[in-house]
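The values are calculated or read from the model by the stated rules, or taken from the named source; none is laboratory data. Remember, it's a predicted structure, so these values are computed and weren't measured experimentally. Cβ atoms come from the backbone with ideal geometry, glycine included; neighbour counts cover every protein chain shown.
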């Protein structure tokens, strides 16, 4: 079976350093991207622009990937 995988960059500002609860209204979603490389380029750009904000984090996640796939954390 062929899986079509799309990649997304998601994140925002979190309430604390546990990075479990996003502050409402700060959520951002970028994508979909056809390749992980495309998503990584956006992830790097977005992460760099928020570098001084320690409670802001973005990750790359895959849609349509096997359950064992893990996202890349910033």
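Return the residues of segment 1-21 that are closer than 14 Å to residue 61 by Cβ and not in a loop (DSSP other than H, G, I, E, B); say none if nothing qualifies. Residues satisfying the conditions are 6, 7, 8, 9, 10, 11, 12. Confirm whether residue 57 is under 15 Å from the mean Cα position of the chain (by Cα) and exposed (fewer than 11 other Cβ atoms within 10 Å of the Cβ). So residue 57 fails the test.
The set of residues in segment 7-56 that are in contact with a helix residue (DSSP H, G or I) (Cβ under 9 Å, 6 or more places away or on another chain) and in contact (Cβ under 8 Å) with a residue 40 or more places away in the chain comprises 7, 8, 9, 11, 56.
Residues of segment 11-35 that are surrounded by 15 or more Cβ atoms within 10 Å (Cβ to Cβ) and farther than 18 Å from residue 54 by Cβ: 30, 31, 32, 33.
Of all the residues in segment 23-74, those that are over 17 Å from residue 6 (Cβ atoms), part of a strand (DSSP E or B) and modelled with pLDDT under 95 number 1.
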